[in-house]
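Reading through the structure tokens given below for one structure.
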Amino acid sequence: MNSTKMKTKKYDAVIFDLDGTLLDTLEDLKNSVNFALEVFHMPLRTMEEIRHFVGNGVQRLIELAVPDGTGAEETEKVFEAFKDHYCIHCNDQTGLYAGIPELLTELKKQGFQMAIVSNKLQEGVDALSEQYFQSYTDVAIGAREGIRKKPAPDTVFEALRRLEIPRERAVYVGDSEVDIATAANSGMDCITVAWGFRTRQEQEEAGAVTFVEKPLQIIPLLYL
């Protein structure tokens, strides 16, 4: 990594998606979704189905997970059951992807600022950020009232405001079509990771152009 330190930085900050980018959260999401569905005697969902449902926040996750034709009131009850369960079990099987600790350590060492922007509920983001990322960033923004979720740029702009970094000096890193659209809507460059919840074909169809197969491959892309 020493050679990169002598180069000119193209960016000063990295904005990370959370689920599917930094953390593999799919097993815990599936378990909490299926717990809530089972409470209301609804068919359970497979891991592959959950993989396709995630990305637009947990409210949308539940809307997609309940059977077609489920009314709004019952869907809301399932959502509440999901939230109660996930609040307790959000970190049972969740963990950092291989290479992420080394990446974050190196980014901090090289003076990059970092932020997390997620469509996960703010409470979940806070809990996971405190455990995994408090040594690297103080900015971790999730879904909450009063600010639009991704792919709207609002949460990204809020992160940049807190970092005091212009968007031209930051790059967005994510794994899904929502992330690709978020970067575009924010007027930012995007690095798309190969280890997340979407296939390379799905990412390319969403407009991704810059890919990395392993976390540390991100670092050379941050320099001119």
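Read-outs: derived from the displayed coordinates by stated rules, not from any lab. Treat the numbers as computed from the prediction; the structure is a model and nothing was measured. So basically every Cβ, Gly included, is an ideal-geometry build from the backbone, and we count neighbours across all protein chains shown.
Distance between the C-alpha centres of the range 167-216 and the range 81-118: 17 Å, rounded to the whole angstrom.
Seen against the Cα atoms of the chain and their longest principal axis, helix 100-109 is set at about 40 degrees. Rounded to the nearest whole Hz, the Karplus-based 3J(HN,Hα) values (6.51 cos²θ - 1.76 cosθ + 1.60, θ = phi - 60°) of the range 39-54 follow the sequence 4, 9, 6, 9, x, 7, 10, 7, 4, 5, 5, 4, 4, 7, 7, 6, with x at glycine and proline. Rounded to the nearest 20 debye, the dipole size of the chain about its Cα centre is 1080 debye, using +1 on the Cβ of Lys and Arg and -1 on the Cβ of Asp and Glu. The mean sequence distance of close C-alpha pairs (under 8 Å, at least 6 residues apart), as a share of the length of the range 26-89, puts its relative contact order at 43 percent.
Dipole of the range 26-89, Cα-centred, from +1 at each Lys and Arg C-beta and -1 at each Asp and Glu C-beta, to the nearest 20 debye? Present the calculation step by step, with values, prior to reporting the outcome.
Numbers: 6 positive and 12 negative charges, 32 e Å.
Charge dipole, the range 26-89, about its Cα centre: 160 debye, nearest 20.
Evaluating kT/(6 pi eta Rh) at 37 °C and 0.692 mPa s, with the Kirkwood radius of the range 26-89 over Cα pairs in the Stokes-Einstein relation, gives 291 µm² s⁻¹. Scanning residues 5 or more positions from I116 or on other chains, those with amide H under 5 Å from its amide H are F16, V139, A140, I141, with H placed 1.01 Å from N in the peptide plane. Toward the positive end of the charge dipole of the chain, with +1 on the Cβ of Lys and Arg and -1 on the Cβ of Asp and Glu, the farthest Cα among Y223, F40, Q203 is that of Y223. The label-point distance for H41 and N185, in a model that sets each label 7 Å from Cα toward Cβ, rounds to 3.9 nm.
A206 to E145: FRET efficiency via 1/(1 + (r/R0)^6), r the Cβ-Cβ distance, R0 41 Å, to the nearest 0.05?
Values: r = 28 Å, r/R0 = 0.68.
Given R0 = 41 Å and the Cβ-Cβ separation, E is 0.90.
Residues of the chain were split at every exposed loop site, defined as trypsin sites (Lys or Arg not before Pro) in a DSSP loop with at most 14 other C-beta atoms within 10 angstrom, and the longest piece left, sites excluded, is 11-143. Taking label points 7 Å from Cα along the Cα-to-Cβ direction, E213 and K7 give a separation of 1.9 nm.
Longest span of the chain, sites excluded, free of chymotrypsin sites (Phe, Trp or Tyr not before Pro) in DSSP loop with at most 16 other C-beta atoms within 10 Å? Counting only loop sites that pass the neighbour cut-off, the longest clear stretch is 41-194. Taking θ as phi - 60° and the Karplus parameters 6.51, -1.76 and 1.60, the scalar couplings of the range 63-68 work out to 4, 7, 7, 6, x, 3 Hz in sequence order, x denoting glycine and proline. Placing a pseudo-label 7 Å from each Cα along the Cα-to-Cβ vector at E158 and E49 gives an inter-label distance of 3.2 nm.
When the Cα positions of T75, Y97, Q110 are compared along the charge dipole of the range 70-111, Q110 comes out farthest toward the positive end, with charges on each C-beta of Lys, Arg, Asp and Glu.
Our summary gives the chain a relative contact order of 27 percent, counting only alpha carbon pairs under 8 angstrom and 6 or more residues apart. For the chain, a Kirkwood radius taken over Cα pairs fed into Stokes-Einstein (20 °C, viscosity 1.002 mPa s) yields D = 120 µm²/s. Of the GluC sites (Glu not before Pro) found in the range 96-196, the ones in coil according to DSSP and having at most 12 other Cβ atoms within 10 Å of their Cβ are E145, E164. Close amide H pairs (under 5 Å, H built 1.01 Å from N) link D189 with Y172, residues at least 5 positions away or on another chain.
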